[in-house]
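For reference, the structure is listed below as structure tokens.
Please treat every number below as a calculation from the coordinates, not as lab data. In this text, all values refer to a predicted model and were calculated from it rather than measured experimentally. A quick note on method: Cβ atoms are made from the backbone with ideal geometry, for glycine too, and the neighbour counts reach across all protein chains shown.
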Amino acid sequence: MERRLHTRHRARTVVYITIPGGRRKLCKAVNLSATGVFIETTNLGLRKGQQVELAFAINLGTVTKLHRRTAVVAHVSRGGTGLMMESYGGARSS
């Protein structure tokens, strides 16, 4: 049974991920929702709960929007990394 709050959509974008220490990596997004993204990664050394910065563009037809989000590593698997993004305003619920 699916427990997600937001529908995942196939993604056709690349994500720049900045990991602690300032290292940047360009990754391909596999799917994307309002609150999360799954990216194809090789061994970046990320651990569950670690905070990262994301930057990615979403093409909305005639407009392309650049998004910058703080995210937390939700899970790391062989195929990639699942990231939970903070809300647009940057506010976190307690």
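Could you work out how much longer the chain between Lys25 and Ala57 gets when fully extended? Use 0.36 nm per residue separation minus the Cα distance between them, nm to one decimal. Write down the numbers at each step before the final one.
On the way: separation 32, 0.36 × 32 = 11.52 nm, distance 1.51 nm.
Going from the current span to full extension adds 10.0 nm.
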**OP:** List the residues whose amide H sits under 5 Å from the amide H of Thr13, counting only those 5 or more places along or on another chain, with H placed 1.01 Å from N in the peptide plane.
**Re:** Ala29
Subject >> Karplus-derived 3J(HN,Hα), 6.51/-1.76/1.60, for each residue of region 14-22, Hz, glycine and proline x >> reply: 9, 10, 8, 10, 10, 9, x, x, x
**OP:** Starting from the amide H of Thr41, placed 1.01 Å from N in the peptide plane, find each other amide H under 5 Å away whose residue is 5 or more places distant or on another chain.
**Re:** Gly80, Thr81
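Only counting other Cβ atoms within 10 Å, I'd like His67, His75 sorted with the fewest neighbours first. Mind dumping the intermediate values first?
Details: His67 15, His75 12.
With the sparsest Cβ surroundings first, the list reads His75, His67.
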Original post:
Long-range amide H contacts for Gln50: which residues qualify at under 5 Å (H placed 1.01 Å from N, peptide plane, sequence gap of 5 or more or a different chain)?
Top reply: Val73
**OP:** Report the Stokes-Einstein translational diffusion coefficient (µm² s⁻¹, integer) for region 9-85, Rh taken as the Kirkwood radius over Cα pairs, at 25 °C with viscosity 0.890 mPa s.
**Re:** 198 µm²/s
Subject >> Computed over region 9-85: relative contact order in percent, which uses C-alpha pairs under 8 Å that are six or more apart >> reply: 29 percent
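Grab the other residues whose beta carbon is less than 13 angstrom from that of Lys28, score K and R as +1, D and E as -1, and report the net.
Cβ neighbours under 13 Å give a net charge of +2.
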